[in-house]
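In what follows, a single structure is set out as structure tokens and then discussed.
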Amino acid sequence: QKEVEQDPGPLSVPEGAIVSLNCTYSNSAFQYFMWYRQYSRKGPELLMYTYSSGNKEDGRFTAQVDKSSKYISLFIRDSQPSDSATYLCAMRGGASGGSYIPTFGRGTSLIVHP
Amino acid sequence: SQTIHQWPATLVQPVGSPLSLECTVEGTSNPNLYWYRQAAGRGLQLLFYSVGIGQISSEVPQNLSASRPQDRQFILSSKKLLLSDSGFYLCAWSSGTGTGELFFGEGSRLTVL
């Protein structure tokens, strides 16, 4: 079993839809969770950075972490064609254990069509 | 604010030729630096990371090497490229404490022919 599992997609949705992207993980030492957006032929751009369980909202984006289930999600409201990209989850340990070096999911390809 | 620069953006090299990719970070000191390779459909593979000048850790055995001659400079090299070295190479940095986010450069696309 890989440490971080992420469905590669592609996920195709109409403009305006609510998108749910997910990752599961097996390492209970992970404490910090990140979501990146990567456009074709570009470097990943950090979207959300969260610590431990709970929700964090930034504009149309909401990151959700459920450590008890080892499951994280990124929700995109009112999706736009410009949201079409690959979304990567990443996670790492912290002061109480685990490696500081992030472990990445393989990325989910999202297509938002007009 | 901090910025990361990576070059060249695109490179086409023959098999057996040398390689040098460079990465510099501005606006911070003593960052942790990383080289990743991204192959299509295979996610990000960590190649090297560095916590300080001259301190390099290799994650996988390969045809590549890394060096950190200055605090904010990270170089990825090869003496003789293989076809399998083709890919998208990404430099990244995080704060020297090991905490905080990981920030990526724009990437270098290498094609070995």
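No lab work stands behind these numbers, since they all come straight from the coordinates. Since the model is a prediction, treat every value here as computed from it, not as a measurement. Cβ: placed from backbone, ideal geometry, glycine included. Neighbour counts: every protein chain shown.
Some points to look at:
- Our summary gives chain A a relative contact order of 37 percent, counting only alpha carbon pairs under 8 angstrom and 6 or more residues apart.
- Computed magnitude of the charge dipole of chain B (debye, nearest 20; Cβ of K, R +1, Cβ of D, E -1): 320
- Peptide A:74-87 - average C-beta neighbours from other chains (10 Å radius): 0
- Under Stokes-Einstein, with the Kirkwood radius over Cα pairs as Rh, the value for the protein assembly as shown at 4 °C and 1.567 mPa s is 71 µm²/s.
- Distant alpha-carbon pairs in segment A:26-101 (separation over 20 angstrom), percent: 33
- Karplus-derived HN-Hα couplings along segment A:101-108 (A = 6.51, B = -1.76, C = 1.60, θ = phi - 60°), whole Hz, x at Gly and Pro: 7, x, 9, 9, x, 7, x, 10
- Shielding by partners - mean other protein chain Cβ count within 10 Å, residues of B:100-109: 5
- Cross-link partners of A:Lys67 among lysines (Cα-Cα below 18 Å; sequence separation of 8 or more within a chain): A:Lys2, A:Lys56
- Sparsely packed loop sites in segment B:1-101 (the trypsin sites (Lys or Arg not before Pro) outside DSSP H, G, I, E and B with at most 15 other Cβ atoms within 10 Å) comprise B:Arg42, B:Lys79, B:Lys80.
- Partner chain coverage, peptide A:3-9 - average Cβ within 10 angstrom: 1
- Spatial separation of Cα centroids for segment B:69-113 and segment B:1-54, in angstrom: 1
- Phi-derived couplings, Karplus 6.51 cos²θ - 1.76 cosθ + 1.60 at θ = phi - 60°, listed residue by residue for segment B:25-31: 10, 10, x, 8, 10, 6, x Hz, with x used for Gly and Pro.
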